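Colleague: Pasting a structure here, questions to come.
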There are 2 protein chains.
Amino acid sequence: MTRIADLNQEDLHALRLQVRQEYDALRARGLKLDMTRGKPAPEQLNLANRLLALPRDGDHFSETGEDARNYGGLQGLPEARALFAPVLGAPADRIVVSNNSSLAVMHDSLAWALLKGVPGSEAPWSQAPWPTFICPVPGYDRHFAICEEYGIRMRPVPMTGQGPDMDAVEALAADPAVKGMWCVPKYSNPTGEIYSSETVQRLAAMRTGAPDFRIFWDNAYAVHHLTERRHEVGNILDLCAKANNPDRPFVFASTSKVTLAGAGLAFFASSAANVRWYLARAGKRTIGPDKLNQLRHVRFLKDEEGLRRHMDSHRALLVPKFNAVLAALESRLAGTGIASWSKPEGGYFISVDVMPGTARQVVALAKDAGVALTPAGATWPHARDPQDRNLRLAPTYPALEEVRAASEIIALCVLLAGIEKHCEAQEKGH
Amino acid sequence: MTRIADLNQEDLHALRLQVRQEYDALRARGLKLDMTRGKPAPEQLNLANRLLALPRDGDHFSETGEDARNYGGLQGLPEARALFAPVLGAPADRIVVSNNSSLAVMHDSLAWALLKGVPGSEAPWSQAPWPTFICPVPGYDRHFAICEEYGIRMRPVPMTGQGPDMDAVEALAADPAVKGMWCVPKYSNPTGEIYSSETVQRLAAMRTGAPDFRIFWDNAYAVHHLTERRHEVGNILDLCAKANNPDRPFVFASTSKVTLAGAGLAFFASSAANVRWYLARAGKRTIGPDKLNQLRHVRFLKDEEGLRRHMDSHRALLVPKFNAVLAALESRLAGTGIASWSKPEGGYFISVDVMPGTARQVVALAKDAGVALTPAGATWPHARDPQDRNLRLAPTYPALEEVRAASEIIALCVLLAGIEKHCEAQEKGH
């Protein structure tokens, strides 16, 4: 396609008319498609259906002879911790296995930091003046929602393609009010980018104004590859320890997008001091996690190789959907100069930067044509994208044919909104 | 037996010698028994073993067609809420089903009250001066531990046999600093007592100094009867609503001692406003609970009658154990005037009031003889029993023969410590 910005007024208006007609035709089809949330599709959940009859009547002892049906075992079964140790990059004794939600583990870590402080805190974070988090943007709306819930200030930092802009991060981290930072280091939500070695090294070694600064390292997509290449990121726990900041990272992960989204396992991994702290807090909250679900997962996945094979099956289902979105964007928008998008090698999202000032309009147009998108702005703190530019596409849940249809509409809406914005600008210019 | 206090010095010393010899003989047996925690026995867990192969591959849709394997469903499956509505005394739409721990639901309710306040709060509780809870004693150590964790002051109130001393409760509740109260209304932990209608009515109607006062109504033993009589307590939700205090009660329950202690369901029930508040908070913490475990429970228990039959099977296993403890206490201590104990008609504990100043000594003697007891003082805030008098016996977990052996030792330790205390007093008296 031609660059829209290069069109003269006549050509621009002609194109607008044509694209508007195409849009109206698509809208007339009365579709109802949903590309809002990063949910696994039913066929992905089917891959783990054997879990629904596990661990089986009579199979309830852990390898240490613990009755997984009863109370206790706050840290989680040793075999479950061992199975996921490679995913977390931590030894089993520095891993905690929790119930079905890593978001809950993150929430609790932050709530406890607010109410009690963390190792190294002089006071609970809620008593510190203006506790603040560094928030790489675009980022994960549920991270930001926890901060918003508890009045934690959020300072956005742009993503660079190698992770967050580390000059900006280091400048912010020097402020003692800055207590923490959200990171999705691999196949980041939503940009898909992978933190570079240098980024991770700088995060581990940087000077922080707060002695109790914590990196909330949400490794949600650790094994969620979309290519043959299983990307690795630097081991934040090891690098922080080497940089003499052993207590800096809280590492989180889950099997929500490995086994079953609603009935998986969540993990916390950190330094020995942080794990002791976490267990001391968690021990006031519960007598122990659901260990039968841990046994169920161990029986089903078996070992690292089993996990790898399972993720390969996910990949086979997901790649065509991601390709469908990318093909539609490419065919409609390449060369127009009004949008750019990520080509992720893993994770659950495609991030689209549309023409500034049109993201909300794109969502509205798509909605009118029967395609539900994540609200514009969702990838920013307080849902305010200052440039009204970023969209997060979630192609995993709908069937492939629906992803194709929805992507066609989305690409057209991006184009239409961009063209109309150019028309507006031209009119104003005259 | 003779009242110990009536013995003359000579007889007392002779008895002391005899009881000490009996104790030494028992100690020489080198037993290793544990009566510390209210854990279900393996045979009780076996009653629910069918859960370990449920809901079965292919059975993952709720009655409304929701895929229980995926994200979402924050309030819990409708059929799970309906199944437990009679237990909670609330309609299904005012029930939330959570993961495996009601303690966690209580913890979160309190943590959120501290960080955010509850409906009717002028400020988060953590910003109120000296937030305080009324704590009926003896009570549940894990309730007190949550208060201690967050610096909430605890004001003990004695139990009367009809629930807490309501004159004392009403006097304390008039203080605006008093934000809440712990209650285990049925088969209370550890006294086994059942709140009378008058007690519940007064709790519902009393004036509170804090407009955002909350009763934490931990109905942990709602269906855990030890007799044919299924005792009922007043419906706190209805009574509070009638008294124009609809938001006063937070009701909690779980299936930890119904199905599987580590893999059950937990419940929150309250007014519409409180449920909205709870869900708004919980929605920041998680995308939803483990709904497969809810389906598993519905498939297994089926209906109210299924639940009743299941609890009858528990009763058949538990009654002999409770009887063994009561028989040992009766045979050793009746008429001695040095101890009194509860004869619970439900729940998980027997509460023993030993001679003041001897509870710790009894625990030490029992430990020496190979019987682990809950630490003396555990039933009081900060684990400080001002009279060093209350012991909590937990006869559910050990096998019947072990309960018999342990009870014999415990009764003897109570007697020995009481006699020695009397000897001490006589010596001081001379």
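The values are calculated or read from the model by the stated rules, or taken from the named source; none is laboratory data. Only a predicted model underlies this, so the values are computations on that prediction, with no experimental measurement involved. All Cβ positions, even for glycine, are placed from backbone atoms using ideal geometry, and neighbour counts span all protein chains on display. Side chains are part of the model used for accessible areas, which takes the heavy atoms of the whole protein and leaves out ligands, DNA and RNA. Shrake-Rupley method; radii C 1.70, N 1.55, O 1.52, S 1.80 Å.
Colleague: Any residue at all in region B:343-351 that is in a loop (DSSP other than H, G, I, E, B), modelled with pLDDT of 95 or more and over 21 Å from B:GLY161 (Cβ atoms)?
Modeller: No - not one qualifying residue is present in region B:343-351.
Colleague: Among the β-branched types (Val, Ile, Thr), farther than 20 Å from A:MET159 by Cβ and open to solvent by 10 Å² or more (accessible area, probe 1.4 Å): does that describe A:VAL363?
Modeller: Against the criterion (among the β-branched types (Val, Ile, Thr), farther than 20 Å from A:MET159 by Cβ and open to solvent by 10 Å² or more (accessible area, probe 1.4 Å)), A:VAL363 qualifies.
Colleague: For region A:1-99, give me every one of the helices (runs of 4 or more DSSP H) that falls completely inside it and has 2 or more residues that are more than 14 Å from chain B (Cβ to nearest Cβ).
Modeller: Filter on region A:1-99 gives A:9-28, A:78-88.
Colleague: What is the residue count in region B:261-319 for residues that are at positive phi and within 14 Å of chain A (Cβ to nearest Cβ)?
Modeller: Adding up the residues that qualify gives 1.
Colleague: Continuing with this model, one more query. If I go through region B:371-382 residue by residue, how many of them are in contact (Cβ under 8 Å) with a residue 40 or more places away in the chain and open to solvent by 20 Å² or more (accessible area, probe 1.4 Å)?
Modeller: Within region B:371-382, residues that are in contact (Cβ under 8 Å) with a residue 40 or more places away in the chain and open to solvent by 20 Å² or more (accessible area, probe 1.4 Å) number 3.
Colleague: To continue, here is another question. Looking at this structure, is B:ILE146 assigned to a helix (DSSP H, G or I), under 17 Å from the mean Cα position of the chain (by Cα) and of a type outside the set (Ser, Thr, Tyr)?
Modeller: Yes, satisfied.
Colleague: Among the residues of region B:354-374, write down those that are at pLDDT 95 or above and either β-branched (Val, Ile, Thr) or not in a helix (DSSP H, G or I) (or both).
Modeller: B:VAL354, B:MET355, B:PRO356, B:GLY357, B:THR358, B:VAL362, B:VAL363, B:ALA369, B:GLY370, B:VAL371, B:ALA372, B:LEU373
Colleague: Mind checking whether some residue in region A:102-117 is more than 10 Å from chain B (Cβ to nearest Cβ) and in contact with a Leu (Cβ under 8 Å, 6 or more places away or on another chain)?
Modeller: The answer is no; no qualifying residue exists.
Colleague: Looking only at region A:225-241, filter to residues that are out of contact with any helix residue (DSSP H, G or I) (no Cβ under 7 Å at 6 or more places or on another chain) and of a type outside the set (A, V, I, L, M); which one of those is surrounded by the most Cβ atoms within 10 Å (Cβ to Cβ)?
Modeller: Among residues in region A:225-241 that are out of contact with any helix residue (DSSP H, G or I) (no Cβ under 7 Å at 6 or more places or on another chain) and of a type outside the set (A, V, I, L, M), the one surrounded by the most Cβ atoms within 10 Å (Cβ to Cβ) is A:ASN235.
Colleague: Can you report the number of residues in region A:294-312 which are over 28 Å from A:GLY163 (Cα atoms) and surrounded by 15 or more Cβ atoms within 10 Å (Cβ to Cβ)?
Modeller: Adding up the residues that qualify gives 8.
Colleague: Is there any pair linking a residue in region B:220-234 that is in contact (Cβ under 8 Å) with a residue 60 or more places away in the chain and polar (S, T, N, Q) to one that is in a loop (DSSP other than H, G, I, E, B) and open to solvent by 20 Å² or more (accessible area, probe 1.4 Å), with Cβ under 7 Å and at least six apart or on different chains, and which?
Modeller: Here the result reads B:THR227/B:GLU345, each pair linking region B:220-234 to a residue that is in a loop (DSSP other than H, G, I, E, B) and open to solvent by 20 Å² or more (accessible area, probe 1.4 Å).
Colleague: Are any of the residues in region B:92-102 on the phi > 0 side of the Ramachandran plot and hydroxyl-bearing (Ser, Thr, Tyr)?
Modeller: No: region B:92-102 contains no residue that is on the phi > 0 side of the Ramachandran plot and hydroxyl-bearing (Ser, Thr, Tyr).
Colleague: Something else: Any idea which of (1) of a type in the set (A, V, I, L, M); (2) away from chain A (no Cβ under 13 Å); (3) touching a helix residue (DSSP H, G or I) at 6+ places or on another chain (Cβ under 8 Å); (4) open to solvent by 20 Å² or more (accessible area, probe 1.4 Å) is the one B:ALA128 doesn't satisfy?
Modeller: Among (1) of a type in the set (A, V, I, L, M); (2) away from chain A (no Cβ under 13 Å); (3) touching a helix residue (DSSP H, G or I) at 6+ places or on another chain (Cβ under 8 Å); (4) open to solvent by 20 Å² or more (accessible area, probe 1.4 Å), B:ALA128 violates only (3).
Colleague: crowded, with 19+ Cβ neighbours inside 10 Å, at pLDDT 95 or above, touching a helix residue (DSSP H, G or I) at 6+ places or on another chain (Cβ under 6 Å) and part of a strand (DSSP E or B) - does that describe any residue in region B:103-124?
Modeller: No, that holds for no residue.
Colleague: Do any residues in region B:22-33 that are buried (at least 16 other Cβ atoms within 10 Å of the Cβ) have Cβ atoms under 8 Å from those of residues that are outside any helix (DSSP H, G or I), where the two are at least six apart or on different chains, and which pairs are they?
Modeller: Once the first residue is buried (at least 16 other Cβ atoms within 10 Å of the Cβ) and sits in region B:22-33, its partners that are outside any helix (DSSP H, G or I) give B:TYR23/B:ALA369; B:LEU26/B:ALA369; B:ARG27/B:ALA369; B:ARG27/B:GLY370; B:LEU33/B:GLY370; B:LEU33/B:VAL371; B:LEU33/B:ALA372; B:LEU33/B:PRO398.
Colleague: Restricting to region B:134-150, what's the tally of residues that are of a type outside the set (Ser, Thr, Tyr) and more than 9 Å from chain A (Cβ to nearest Cβ)?
Modeller: 10
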